[in-house]
Amino acid sequence: MAERISFHDQISRNKWKSVFLMIIVFIVLLALGYVIGLVMGPDYFMIIMVLAIIISIVYIITGYYKSDKIALASVNAKPASQTQYSQYHHSVEGLCLASGMPKPRLYVMENRQINAFASGRDPEHAVICVTTGALTKLNKQELEGVLGHELSHIANYDIRFMTLTAVLVGMVAIISQIFLRSLWWSSIAGGRRSRDNSQVIFLIIGIILAILAPIVVMLVQLAISRKREYSSDASAVKFIRSPTGLIGALKKIDAEHPPSTAEEKKKINKAVAPLFISDPFKKKVQNAFSTHPPIKRRIEILQKM
């Protein structure tokens, strides 16, 4: 018999993982800055390290405190009116009352697909955003299944952890670009400046890190995202006491066609795609770069609950 996971233990672990990840973000940036400094030479070392420290602090603070605003702005979401979207508000209020959670701020984004996401650093500063497609195509039970899934992300502190993971991916990509561009500027400024063996070795290491680090970190982010979708599906069943609504919603999502035009695809930033309940780009082939696990597999697991 599988060992049960304590709900409160999971929250505690996610909090500690978030703190640990913030430390890793800081260390990764400093390490890359250090390698850049060694390659560029002592004249640039202090300047690069100072810039690395400043960028890391600003990036972490911005990602931590403004994650919800950034995510909402990226999809052009609008606050959900209490009168226009009364059923949406009532469903969230009922689920929050049953689970003892504070009610998150509710938003709506214009999109014909059925989808939703949650963001924010903790339950007291959380938001839920659903598409207009979800509000029009889902019945009350199915909508509650989707909302229960998003509230699970909030309750488990998944949104904080995934936000910080996204910050890590973005930071590594930025510093890698800084390094590669600095090599180009260095070659222009220094011409064919001779390098000793140690500089050449650090140069090769730096180039390899700059190319591979963003890819590796992104793969880790996507793997974590896929695993947490299963966890939130299970937690949603715990909230609602039935898997029927979520199963119905996932079946409708699976039956939808992928975005057909370039304009539709541009409506959602790829950086926030892992936050959604399903892949907004509807990739048919699942691989290591998929943001979500297969919907059919999620439905099979839910049907066994």
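Computed packing ranks the peptides 118-127, 138-147, 70-79 as 138-147, 118-127, 70-79, most packed first, by mean other Cβ atoms within 10 Å. You can think of it this way: the chain between residue 16 and residue 93 has 24.8 nm of extra reach, that is 0.36 nm per residue less the Cα-Cα gap. Straightening the chain between residue 62 and residue 254 buys 65.6 nm, computed as 0.36 nm per residue apart minus the Cα-Cα spacing.
When each of 51, 219 is scored by the number of other beta-carbon atoms lying within 10 Å, the sequence from fewest to most is 219, 51.
Which FRET efficiency, nearest 0.05, do residue 300 and residue 124 yield, Cβ-Cβ r, R0 35 Å? FRET efficiency, residue 300 to residue 124: 0.50. Per-residue extension of 0.36 nm, minus the Cα-Cα distance of residue 215 and residue 69, leaves a gain of 50.0 nm for this segment.
Cross-linked pairs 66/227; 140/304; 69/238; 66/296: Cα-Cα separations exceed 32 Å for 66/296. Each residue of segment 145-152 was assigned a 3J(HN,Hα) from its phi angle through the Karplus curve 6.51 cos²θ - 1.76 cosθ + 1.60 (θ = phi - 60°); the sequence is x, 5, 5, x, 4, 5, 5, 5 Hz, with glycine and proline shown as x. Each residue of segment 100-107 was assigned a 3J(HN,Hα) from its phi angle through the Karplus curve 6.51 cos²θ - 1.76 cosθ + 1.60 (θ = phi - 60°); the sequence is x, 9, x, 6, x, 6, 10, 9 Hz, with glycine and proline shown as x.
No lab work stands behind these numbers, since they all come straight from the coordinates. This is a predicted model, so every value here is computed, not measured. Note that we place each Cβ from the backbone using ideal geometry, even for glycine, and neighbour counts take in every protein chain shown.
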